[in-house]
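Okay, structure first, notes after.
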Amino acid sequence: MEARARGSMSSSIGDSAELEANLTLSDRLKVFKGSTFDPEAYVTSKCQHMNEKETKHLTSYLVELKKASAEEMRKSVYANYAAFIRTSKEISALEGQLLSMRNLLSAQAALVHGLADGVHISSLCADDADELTDQDLYNMDNKQLSKIETWVVEFFDRLEVLLAEKRVDESMAALEEGRRVAMEAQEQRTLSPSTLLSLNNEIKAKRQELADQLAEAIGQPSTRAGELRSAVLALKKLGDGSRAHTLLLKSYERRLQANIQSLRGSNTSYGVAFAAALSQLVFSTIAQAASDSLAVVGEDPSYSSELVTWAVKQAESFALLLKRHTLASSAAAGSLRVTAECIQLCASHCSSLESRGLALSPVLLKHFRPGVEQALTGNLKRIEQSSAALAASDDWSLAYTPTGSRASSSTPTAPHLKLSISAQRFNSMVQEFLEDAGPLDEALQLDGIALDGVLQVFNAYVDLLINALPGSAENEENPVHRIVRIAETESQQTALLVNALLLADELIPRSASRILPQGGTSQSTTPRRGASSDRQNRPEQREWKKKLQRSVDRLRDSFCRQHALELIFTEEGEVRLSSEIYILMDETAEEPEWFPSPIFQELFAKLTRISTIVSDMFVGRERFATILLMRLTETVILWISDDQSFWEEMETGDKPLGPLGLQQFYLDMEFVMIFASQGRYLSRNLHQVIKNIIARAIEAVSATGLDPYTTLPEEEWFAEVAQIAIKMLTGKGNFGGNHGERDVTSPSVSSAKSYTSN
């Protein structure tokens, strides 16, 4: 029963958590804002029947809510800096006015009381004239007034001396003593109204004089840090805290500007060393100002807002100065490493202020980002130009990547990977680029820009590889790419595919892993099983890798198209794979010796050679090699299937396809299916296309009035002839005494009707 109740409670908590997850932050915080909110009752209602897991879940939920609330408050404060400062200044001015009004009212009240006392004393004197003579009254009053007046005169003289000698602590003590005496005199009515008013006015004037002295001392560059804090604190005690805080920040600003001018004068170059010194100077000054502000005025929101606004102003000035003297020149030169080191230093110094409530990173981001993007663009352009220059002299021979470079030491290439010279250099430049972009990504979140740039230069490099194929159409369209060295042999052309595949499939993703978004790391610091695979399978990473693969597919398709065109057309541009090959066979009187057509023999030989080459080059990547052979075969067969002139001549030409031509065409297609199947690159699509075009050829013969099934041999015959041809073409056949056991030129009745049924 207890377990059931506990399960019910857990379910309700889960439901409420799911419900609150869909609410806005303000709605989720309403329960805590109510005047009747009882923390103990709330915790008891949530945790009474919870087990340990549910308690941890609630704790994490409340921590998340606390973080969101803090972030919301921080955004609200940042969004209202100007309003905070304006309001605080208005409040300070209002406080001064209220103080003046209170003093005036006190003086008026003292005057009224004095008049009332005077009238009362006059009446007493009229009634009791017989008891006290005028001389007695004068003597008594004169004795009292002379004593207080003597103190007042001495007080003013002593205060004048203290102010002249700038003895701040003693002056403040004297002012406090005068204020106390004045209040006592007002309460006890021991001073005449005029004397009391004079005393208050004089104390106010001396207080203002002392405040002006302190303000002047704060503004002096020669004032030491300890004296500065004491003067600011004294000014605040005098009731002018807003002015004291503003003067404190202005003093630090003047000192910072003077130190910056001195630093600029002592530096002949504005490189990383200058950026480091400047960053240290600016942010240490901001930190010291924040410490003094907290020590002097505490955590008053109005003063905190003024501090943050002042710190933002200093950070903006620093960012503009650094961008003008260091980042602009390095970005124009494409020096990404200098830019990265400078921004990394600034981000490190800036992060040290976050514990003081000063988050200045957005300020730096706003000013640094354009320069960083310019540096990234310059670096990417340099990679593209260098790759094009190297491709012009690359002999497209594969070799292991040399060690010793900065990129290879930080991201070593696997020992079994071979690349051509241009691909090795391209990989090295991309690794260096991503290594430098790593710190920038942490500070400015530039993963999207950097990765898109890598994708851009890789596409450009693939274009170079495509233009290295013989007879590439893009060589004529883009004159820039004509300088690329042509890959003449099949081994060189296959090496182009190796370059693109290894870069896209392994080397570039490995280098990019330093800035690819890491899933799950921000939610928990506890490692969990499967976290690595989660990071590798994030949608953003998968999509980016797919884009790399699509560039490789472009090169593969160009490779297949180039080799298919070499088979289908002659060097003069004439078509070799035409319908005449099969139509003219029925014009001969003698029955031919059945063997695959020469063009399909060449196709088989080419695929055999390429299969041998890719098996050596694509070690561990047999799937790509299989797809390459599959696509090359499909390219040739699909050309036959889609060539309208080929089928028009067969189906409606003056000399339509006859029985012998049909049998040869059938044999050629069966030959393709047999060797593709044996090579394990016969796809379902290729198999279906071959069946369809065989059926179309049979229908073309049937349209002439002939019955093709009376002349076509059985399927086993086609398969056997194809097998014999494969053995003969590969040099494995031995048909000396057994060739006559079965006459391949004498087919029996066909059973090829199965193709027409499909």
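The values are calculated or read from the model by the stated rules, or taken from the named source; none is laboratory data. Keep in mind the model is a prediction, meaning the values are calculated, not measured. A quick note on method: Cβ atoms are made from the backbone with ideal geometry, for glycine too, and the neighbour counts reach across all protein chains shown. Side chains included, ligands, DNA and RNA excluded: accessible areas come from the protein's heavy atoms. Shrake-Rupley method; radii C 1.70, N 1.55, O 1.52, S 1.80 Å.
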Can you pick out the pairs among 250/313; 381/545; 30/67; 204/237; 313/366; 89/206 whose Cα atoms lie more than 19 Å from each other? 381/545; 89/206
How much length is gained on full extension from residue 266 to residue 164, taking 0.36 nm per residue of separation minus their Cα-Cα distance? 32.6 nm
Env charge @ residue 418, Cβ radius under 15 Å, K,R +1 / D,E -1, value -3
Please list, in chain and number order, the residues 5+ apart from residue 569 or on another chain whose amide H is under 5 Å from its amide H, with Hs placed from the backbone. 576
Using the crude model of +1 on Lys and Arg Cβ and -1 on Asp and Glu Cβ, and no other charge, please compute the dipole size for the range 569-730 relative to its Cα centre, in debye to 20. 1140 debye
Neighbour-limited loop hits for GluC sites (Glu not before Pro), the range 571-644 (at most 10 other Cβ within 10 Å; DSSP other than H, G, I, E, B): 571, 572, 574, 590, 593
Accessible area per residue for the range 569-730 in Å², computed with a 1.4 Å probe and the full protein assembly in place, what is it? 47 Å²
Within the set of other residues whose C-beta is less than 13 Å from the C-beta of residue 488, count the net charge using Lys and Arg as +1 and Asp and Glu as -1. -3
Out of the total accessible area of the range 569-730 (probe 1.4 Å, heavy atoms of protein only), what percent is carbon and sulfur? 49 percent
For the range 569-730, what D do you get in µm² per second when you plug the Kirkwood radius from alpha-carbon pairs into Stokes-Einstein at 25 °C and 0.890 mPa s? 147 µm²/s
Count charges around residue 457 for me, please; just the other residues with Cβ under 9 Å from its Cβ, Lys/Arg as +1, Asp/Glu as -1. 0
Can you give the translational diffusion coefficient of the range 593-666 in µm²/s, computed by Stokes-Einstein from the Kirkwood radius over Cα pairs at 4 °C and 1.567 mPa s? 89 µm²/s
